[in-house]
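Laboratory data are not the source of any read-out in this text; all were calculated from the coordinates shown. Since we're looking at a predicted model, the values are computed, not measured. Glycine gets a Cβ as well: all are built from the backbone with ideal geometry, and neighbour counts include every protein chain shown.
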Amino acid sequence: MAGRNEPGPTALRIMLGAHLRRLRERAGVSRADAGWAIRGSESKISRLELGRVSFKERDVLDLLTLYDVRDEPERDRLVQLARDANTPGWWHQYGDVTPDWFDAYLGLEAAAELIRTYEIQFVPGLLQIPEYTRAVAQLSATGDRSDVEIEQLVALRRTRQVIFDREPPVKLWAIVEESALQRPIGGPEVLRAQLNALLEAVKRPNITLQIIPTTSAGHAASGGAFTVLRFPKPDLPDVVYLEHFTSALYLDKRDDVDAYTKILDTLAASIPPPQETPALLKALLRKVRRPKP
């Protein structure tokens with residue numbers, strides 16, 4: 001599964017939607033007229049162009065006709081793209097334990113070339129060890145996750161981490177509050193193992209970790225955790241991911257992306273640099289309480 005970072009169905013939907021939007025605008029067709037052509041509404045066209053929903057081949061063909069796209073090889077290519085975009089991603093098998101709104105993130109994560117994230121409560125998911133993930137999964141607000149569901153979540157997390165071993169590997173730049181690395185989720189031994197795993201992770205050239213000390217006087221990222229994803233395909237805009245308790249936001253407007261990117265840049269420049277991270281992790285390890293013999 002490591003392979004290369006070929007775009008998955010989520011990324012393909014976004015690419016196809018963006019292409020159809022450009023064709024519509026070039027043809028001078030309104031969203032309302034395009035919606036009428038496929039027996040839908042203006043909002044349906046908006047969702048299609050944003051890659052938020054799957055494509056019906058009939059709709060794609062009708063839109064291409066409306067937009068005066070007559071070149072048969074081009075029509076065939078876009079219809080095939082719609083077929084590929086409707087193919088379930090590998091994460092579909094975990095649908096029983098993940099919310100629908102998280103599927104889009106998994107697809108984007110798998111297609112990204114650079115992931116920048118700010119975390120305030122937990123170790124970033126892509127850097128979690130199984131024992132830590134298992135302890136996090138047990139913190140379900142409803143407390144009704146079965147052992148089987150928890151193990152599925154652990155397996156999903158491990159499968160997501162193969163993007164570090166593909167060719168080329170994903171680049172991760174994580175900025176984490178020190179308090180998140182002090183919280184003994186799963187107990188002291190799990191925390192020790194997790195901190196040691198982070199020490200090994202930062203040795204990899206594609207993983208950067210910076211820690212915001214608890215002594216920090218404050219910073220710009222006061223609104224909560226977020227992630228910015230960048231993709232190798234020019235048709236895919238950068239995306240900001242904001243997760244809430246029962247939903248998530250995906251922001252791709254240039255102004256929004258620029259604002260969150262600036263926050264990350266400001267943070268990175270105002271806290272200890274990555275070169276100091278190993279020493280900070282070792283200091284945290286020394287503070288973790290060892291079990292009594």
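Around Leu199, with a cut-off of 14 angstrom between Cβ atoms, what is the net charge of the other residues, counting Lys and Arg +1 and Asp and Glu -1?
Details: positive: Arg192, Lys203, Arg204, Lys282, Arg286; negative: Glu200, Glu276.
Once all neighbours under 14 Å are counted, the net charge is +3.
For the chain, the convex hull drawn through the C-alpha positions has a volume of 150 cubic angstrom per residue. Between Glu189, Glu49, Glu167, the residue with the greatest mean-square fluctuation in the GNM of the chain (Cα pairs under 10 Å linked by springs) is Glu167.
Enter the mean projected area of the convex hull around the alpha-carbon atoms of region 103-249, in nm², rounded to one decimal. Spell out each step's value before the answer.
Numbers: hull surface 38.6 nm².
If I average the Cα hull's projected area over directions, I get 9.6 nm².
Scoring 30-39, 12-21 by mean Cβ neighbours within 10 Å over their residues and listing the highest first yields 12-21, 30-39.
In the Gaussian network model of the chain, springs joining C-alpha atoms below 10 Å, which of Pro274, Pro205, Pro237 carries the largest mean-square fluctuation? It is Pro205. Counting only DSSP beta bridges with both residues in the chain, the antiparallel share comes to about 50 percent. Placing a label point 7 Å from the Cα of Asp68 along the Cα-to-Cβ direction, the residues of region 6-36 with a backbone N closer than 16 Å are 22-30, 34. Scaled against 2.2 N^0.38 Å for its residue count N, the alpha carbon radius of gyration of region 165-269 is 1.21.
What is the Cα convex hull volume of region 16-123 when expressed per residue in Å³?
Working: hull volume 16.1 nm³, N = 108.
Given the Cα convex hull of region 16-123, per-residue volume reads 149 Å³.
Annotation: amide H of Lys171 within the under-5 Å range of Leu114, Ile115, sequence separation 5 or more or interchain, hydrogens built in the peptide plane. In plain terms, the bigger the Kirkwood radius, the slower the diffusion; for region 169-219, with that radius from Cα pairs, at 25 °C and 0.890 mPa s, Stokes-Einstein puts D at 203 µm²/s.
For a protection proxy built on the mean count of beta-carbon atoms within 10 angstrom, sort 120-133, 72-85 highest first, please.
On the way: 120-133: 20.1, 72-85: 14.4.
Result, highest mean first: 120-133, 72-85.
For region 138-210, the pair-distance distribution built from all alpha carbon pairs, in bins 10 Å wide starting at 0, is 15, 38, 37, 9 percent. Per-residue Karplus couplings for region 254-264, computed as 6.51 cos²θ - 1.76 cosθ + 1.60 with θ equal to phi - 60°, are listed in order as 4, 5, 5, 4, 4, 5, 6, 5, 5, 4, 5 Hz, Gly and Pro entered as x.
Taking only the Cα atoms of region 244-291, the radius of gyration and Dmax are 17.2, 50 Å. Straight Cα distances below 17 angstrom link Lys171 to the lysines Lys203, Lys233, with same-chain residues fewer than 8 positions distant left out. Put the Cα centre of region 71-86 next to the Cα centre of region 133-180 and the gap is 35 Å. Distant-in-sequence amide contacts of Leu209, defined by a placed amide H-H separation under 5 Å and a gap of 5 or more residues or a different chain, comprise Ala174. Once you list every other residue whose beta carbon is under 14 Å from the beta carbon of Ile120, what net charge do they have if Lys and Arg are +1 and Asp and Glu are -1? Summing Lys/Arg as +1 and Asp/Glu as -1 gives -3.
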